[in-house]
Amino acid sequence: MKRWFALLLLFFTALQVYSQPKIEFVGGETIDWKDVSPKDNPLHSEVIIKNAGTEKLVIKEVKPTCGCTTAPLDKYELEPGETTKMKVTLNLGSSSGKVHKTIRVTSNDPNAQTKIISLRANVIRPIEIKPANYIVFDNPKVGVESTAKFFIKNNTNKPITISDFKTEPRILKINLVGEKQIQPNEEIEIIARIIPDKTGYLNAYIKMKTTEPDTPEVEIRCYGNVTESPIFNSK
């Protein structure tokens, strides 16, 4: 009798092990848009999620790593063999170069309660601002010149002319005037200089026109926290 009970218990234990939900991402767990341009923004794709198990699959949470990504599902509960679509949207914003985001999917699959979907793209901008599309003045002080530099790169196969340089406030200056032509794959250095006249948070910008049809204007924001100088007093 004990032997039959043990065999019966083993049978139901095995049944429980093999009777369970199983999450499966049809086509893989990576979306790679490869090379894209700003005009492709936002990026769209679909992920097919399948219940490859024998019990109901319940998707508890779908959580992108940033607000630039959305990933709603058609349905969150799947019977064995059923599928649902995850509609993925990635907003590139001002990103440049390689972009990597993730989406975390939590379900009642006992063997894979959390799965990660990787989103990848390589954003190629005709005009690239390096190392970032903004500049920060390091420890600027009232009455003391502070400098920062950035680079503008031409990622196209034709010359680009930049011109009509504007800065705000006017105490912000750059080392370019008139027009400047940038050859294909060439990058030029721009040096920004400012002599702050008051303390507080600095919020400035540099604007310029370009002959690149997809990027007719470039704007670089400038930041810094201006403090008092032992030599100058703005009060």
Item checked: Under Karplus coefficients 6.51, -1.76 and 1.60, residue-wise ³J(HN,Hα) of the stretch 117-134 in Hz, glycine/proline x -> 9, 9, 10, 9, 7, 10, 7, 9, 9, x, 10, 10, 9, 10, x, 8, 8, 8
Next item on the list: For the stretch 84-201, take the alpha-carbon Rg, divide it by the Kirkwood Rh, and send me Rg/Rh.
Entry: 1.17
Checklist line | Nitroxide proxy distance, nm - points 7 Å out along Cα→Cβ at TYR134 and ILE48 | finding: 4.2 nm
Checklist line | In sequence order, calculated HN-Hα J values of the stretch 49-58 (Karplus, 6.51, -1.76, 1.60; Hz; x Gly/Pro) | finding: 9, 10, 8, 8, x, 10, 10, 4, 9, 10
Note to self: If I stretch the segment between SER163 and TYR201 completely, what's the gain in nm (0.36 nm per residue apart, minus their alpha carbon distance), one decimal?
What the structure shows: 10.9 nm
Margin query: I'd like the FRET efficiency for ARG193 and THR30, computed as 1/(1 + (r/R0)^6) with the beta carbon distance as r and R0 of 41 Å, rounded to 0.05.
Written below: 0.35
Item checked: If the convex hull is drawn through the Cα atoms of the stretch 150-198, its volume per residue in Å³ -> 73 Å³
Next item on the list: Mind checking the per residue accessible area of the stretch 78-235 for me, 1.4 Å probe, whole number of Å²?
Entry: 55 Å²
Checklist line | Sequence-distant residues sharing a close amide H with LYS22 (under 5 Å, placed H) | finding: ALA52, GLY53, THR54, GLU55
Note to self: What FRET efficiency comes out for ASN185 versus ASP214 if R0 is 25 angstrom and r is the Cβ-Cβ distance? Round to the nearest 0.05.
What the structure shows: 0.90
Check: For the stretch 23-120, what's the relative contact order in percent, using C-alpha pairs closer than 8 Å and at least 6 residues apart?
Finding: 34 percent
Next item on the list: Quick one: give the max-minus-min coordinate of the C-alpha atoms of the stretch 71-120 along each principal axis, largest first, in Å.
Entry: 41, 22, 13
Notebook entry, point to check: Between GLU77 and GLN20, 0.36 nm times their residue separation minus their Cα-Cα distance comes to what?
Noted result: 19.2 nm
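In whole percent, how big is the carbon plus sulfur part of the accessible area of the stretch 168-228, probe 1.4 Å, protein atoms only?
Numbers: 1670 of 3570 Å².
Ligands and nucleic acids excluded, carbon and sulfur reach 47 percent.
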Checklist line | Against the rule of thumb 2.2 N^0.38 Å, how large the Cα Rg of the stretch 107-171 comes out | finding: 2.00
Note to self: Please compute one quarter of the surface area of the Cα convex hull for the chain and express it in square nanometres.
What the structure shows: 20.4 nm²
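Let me know the whole percent of all Cα-Cα pairs from the stretch 8-124 that are separated by more than 21 Å.
Of all Cα-Cα distances in the stretch 8-124, 43 percent exceed 21 Å.
Highest mean first, what order results for 186-195, 36-45 on Cβ atoms within 10 Å?
In descending order of packing, they fall as 186-195, 36-45.
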Next item on the list: With θ set to phi - 60°, apply the Karplus curve 6.51 cos²θ - 1.76 cosθ + 1.60 along the stretch 27-43 and write out the HN-Hα couplings as whole Hz, x wherever there is a Gly or Pro.
Entry: x, x, 10, 10, 10, 10, 7, 6, 6, 9, 10, x, 6, 7, 6, x, 8
Item checked: Principal semi-axes in Å for the stretch 24-76 [√(5λ), Cα gyration tensor, largest first] -> 26, 14, 8
Margin query: Cβ neighbours within 10 Å, averaged per peptide: list 170-183, 118-131 in order, most packed at the top.
Written below: 118-131, 170-183
Note to self: Need one number: % antiparallel among DSSP beta bridges in the chain, to the nearest 5.
What the structure shows: 90 percent
Notebook entry, point to check: So what is the relative contact order for the chain, in percent, with contacts set as C-alpha pairs under 8 Å and at least six apart?
Noted result: 16 percent
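The values are calculated or read from the model by the stated rules, or taken from the named source; none is laboratory data. Note that this is a predicted model, so its numbers are computed, not measured. Don't worry about glycine lacking a Cβ; one is built from the backbone with ideal geometry, like all the others, and counts go over all protein chains shown. These accessible areas exclude ligands, DNA and RNA; they are computed on the full protein's heavy atoms, side chains included. Shrake-Rupley method; radii C 1.70, N 1.55, O 1.52, S 1.80 Å.
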